[in-house]
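Taking it in order: structure first as structure tokens, then the write-up.
The values are calculated or read from the model by the stated rules, or taken from the named source; none is laboratory data. Everything numeric here is computed off the predicted structure, so don't read it as measured data. Cβ: placed from backbone, ideal geometry, glycine included. Neighbour counts: every protein chain shown.
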Ligand SMILES: [Zn+2]
Ligand SMILES: [Zn+2]
Ligand SMILES: [Zn+2]
């Protein structure tokens, strides 16, 4: 995860570091230059800052909700095309759903608040039609709603796609839910690319490419999860995070020589290069634990050194 490279740390709030990618400044200059309908460029700057604020609050929604359900979230990076909250909710569909849905919920609340401000200011004649203030309020409302609609598209890894995946997880489990969501998402991504071409939108084109790459990565991950889920299970140990017993098979990869082996069968020693590892990751949920943390359920003896996995 190359998260914070090329980024400036803006501030830390509630244990969450907020980073701003340098490309924001190029995008900001471009958008502010293009913004129309105001008598002064100051309003264009304010509009862009409002966009920035909405994206930031949306990401804080994800991060704080993830923490509330017992997950990890300590970094938000703001890119020119949107923000990313790096969240690791507990590997169950319920907490995943809450962490994802909290982002769009922030947009709903913000749009409602701005809509209320517009209604009240219109009522009392505080922001007459055609005034900069009125135009600004309308634009902020439009931004909050547009971001909400875009984020809710059922395309993985957009919020909408991740919500669909979490819901399917309740029925299909982690691997199949991810696979189905990614396959269906390719249809939506084709639609996004078509819209980008028709609208001659470079920004949407770049965004579509990122979404396509992430979705492909999701499909590859789903295939690996599915293969692992079909292997028999080792008795005596279980993941402390998700409770799954590790598969009986050479599905961990040695960091040293890239050979695949089963650390639970070799006391953490790579069968090819002999490197030993003190930890093993859970193929089911991705969390990494030292051997002591893998719950011992039987009399099977436990080695002290365990490997890292892919
Ligand atoms: Zn989101
Ligand atoms: Zn696990
Ligand atoms: Zn090795």
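See the values below:
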{"item": "Residue satisfying condition, being buried (at least 18 other Cβ atoms within 10 Å of the Cβ) and assigned to a strand (DSSP E or B), within set 76, 100", "result": "76"}
{"item": "Selected residue (criterion: nearest to ligand 1 (Cβ to nearest atom)) from residues of segment 220-247 that are surrounded by fewer than 18 Cβ atoms within 10 Å (Cβ to Cβ) and under 20 Å from residue 158 (Cβ atoms)", "result": "221"}
{"item": "Any hit, segment 16-29, residues being in contact with a helix residue (DSSP H, G or I) (Cβ under 7 Å, 6 or more places away or on another chain) and under 23 Å from residue 97 (Cβ atoms)", "result": "yes"}
{"item": "Any hit, segment 234-244, residues being farther than 25 Å from residue 174 by Cα, modelled with pLDDT under 90, more than 9 Å from ligand 3 (Cβ to nearest atom) and outside any loop (DSSP other than H, G, I, E, B)", "result": "no"}
{"item": "Residues located in segment 34-47, provided they are modelled with pLDDT of 75 or more and assigned to a helix (DSSP H, G or I)", "result": "41, 42, 43, 44, 45, 46, 47"}
